[in-house]
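Novice: Here you go, one structure.
The values are calculated or read from the model by the stated rules, or taken from the named source; none is laboratory data. Just so we're clear, the structure is a prediction, and the values are computed from it rather than from any experiment. Quick reminder, even Gly has a Cβ in these numbers, built from the backbone with ideal geometry, and neighbours come from all protein chains shown.
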Amino acid sequence: MLVRVLLIGVLVLASGVLVAIGLQALSPPRPASPPPAPVAAPEPPRPVTARVLVAARPLPPGLLLRNEDLAARDLPLELIPEGAVRDAPEARAELGGALVRRWLDPGEVLTGNDVLRPRDRGFLAAVLQPNRRAITVGVDAVTGAAGLIWPGDRVDLLLTQKLDDSVAQLSRRVVGETVLTDVRVIAVDQHLTQGAMGATPSPDGRIARTVTLEVTPEEAERVAVASQLGRLSLTIRAMADEERANGEARRSVFGGDVSPALAQTDPTDRPVGQRLQIIRGTERQEVIFR
């Protein structure tokens with residue numbers, strides 16, 4: 001009896017195993033699991049950059065900078081030299097008219113040591129050409145060409161003076177002369193050199209009071225003397241004017257050369273000096289101090 005029960009149990013167990021195997025064989029195959037996705041490598045950090053000013057073209061020493069001489073470039077911080085000028089409207093305005101101190105190739109970074117700004121000490125001396133001097137003359141709305149003279153212009157310097165009545169005839173008492181010809185204006189008031197930004201009339205329309213000229217040592221002496229003799233005036237020369245200071249000397253222009261009516265007054269009986277009568281007894285002597 002026990003053997004029969006064991007045999008039945010074995011048969012039931014075997015049939016269950018066979019059913020499980022059959023069901024597994026009839027079920028569809030499971031799809032294979034996808035391979036694990038590769039892990040992306042982390043991106044390297046982008047270099048930190050800054051925008052600096054560089055030379056837009058070859059800049060020789062002695063050049064006065066203009067805005068078109070400069071360009072902007074983004075460079076990594078580790079490639080930016082010490083003292084490089086960062087690009088900003090204030091920096092560009094400050095560099096207007098600055099003097100280049102060394103040769104700069106196109107694309108070369110501009111540093112503070114490469115330029116001499118108009119506000120820097122010694123700038124005016126650096127702007128002057130060799131063996132030249134800077135001398136300032138006072139002007140007004142008339143003698144300064146209505147404020148239309150700017151740094152970089154070429155001008156002539158005129159002197160107008162009135163001679164004493166006792167030493168000249170009426171037609172020759174007012175005389176005009178050209179003291180200097182073809183001299184360069186390097187400053188108007190405190191606006192220095194051509195190319196300097198901000199060289200515009202003040203908001204209140206104030207006319208320039210001083211003009212600084214670039215002259216030779218001898219010409220500086222002539223200007224100093226002329227300023228004590230009479231009124232100085234400036235005339236602007238044309239850009240295409242080829243006349244130079246080494247031409248023929250200009251003659252003086254007297255009042256009688258301008259006004260024929262004034263010249264006609266000379267023949268009249270007019271004293272040309274102070275008269276003094278000396279009486280000695282019956283003798284009379286007249287002395288004229290010319």
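Novice: Taking the conditions exactly as written (assigned to a helix (DSSP H, G or I), among the charged types (D, E, K, R), modelled with pLDDT of 80 or more and surrounded by 10 or more Cβ atoms within 10 Å (Cβ to Cβ)), does residue 68 satisfy them or not?
Specialist: Criteria not met by residue 68.
Novice: Another question, then. Within segment 70-123, can you find the residues that are within 14 Å of the chain's Cα centre (by Cα) and closer than 18 Å to residue 58 by Cβ?
Specialist: Answer for segment 70-123, where residues must be within 14 Å of the chain's Cα centre (by Cα) and closer than 18 Å to residue 58 by Cβ: 70, 95, 98, 99, 100, 115.
Novice: Scan (1) under 17 Å from residue 111 (Cβ atoms); (2) in a loop (DSSP other than H, G, I, E, B); (3) without any contact (Cβ under 8 Å) to a residue 24 or more places away in the chain for the single condition residue 46 breaks and write down its number.
Specialist: If we test residue 46 against (1) under 17 Å from residue 111 (Cβ atoms); (2) in a loop (DSSP other than H, G, I, E, B); (3) without any contact (Cβ under 8 Å) to a residue 24 or more places away in the chain, just (1) comes out false.
Novice: Could you please tell me which pairs satisfy a Cβ distance under 8 Å, a separation of 6+ or placement on different chains, a first residue in segment 123-135 that is under 14 Å from residue 222 (Cα atoms) and assigned by TED's automatic domain parsing to the domain that holds residue 95, and a second residue that is modelled with pLDDT under 75 and among the basic types (Lys, Arg)?
Specialist: As it stands, the answer is none, since no pair meets every condition given.
Novice: Somewhere in segment 52-67, is a residue without any contact (Cβ under 8 Å) to a residue 24 or more places away in the chain and within 28 Å of residue 125 (Cα to Cα)?
Specialist: The answer is no, given that none of the residues of segment 52-67 is without any contact (Cβ under 8 Å) to a residue 24 or more places away in the chain and within 28 Å of residue 125 (Cα to Cα).
Novice: Of the residues 88, 98, 84, 93, which is more than 15 Å from residue 186 (Cα to Cα), surrounded by 15 or more Cβ atoms within 10 Å (Cβ to Cβ) and among the hydrophobic types (A, V, I, L, M, F, W, C)?
Specialist: It is 84.
Novice: So residue 130 fits all but one of (1) under 16 Å from the mean Cα position of the chain (by Cα); (2) loosely packed, with under 13 Cβ neighbours inside 10 Å; what number is the exception?
Specialist: Going through the list (1) under 16 Å from the mean Cα position of the chain (by Cα); (2) loosely packed, with under 13 Cβ neighbours inside 10 Å, residue 130 breaks only (1).
Novice: Right, next: State yes or no: is residue 156 at pLDDT 80 or above, surrounded by 12 or more Cβ atoms within 10 Å (Cβ to Cβ) and under 30 Å from residue 173 (Cβ atoms)?
Specialist: For residue 156, the condition - at pLDDT 80 or above, surrounded by 12 or more Cβ atoms within 10 Å (Cβ to Cβ) and under 30 Å from residue 173 (Cβ atoms) - is met.
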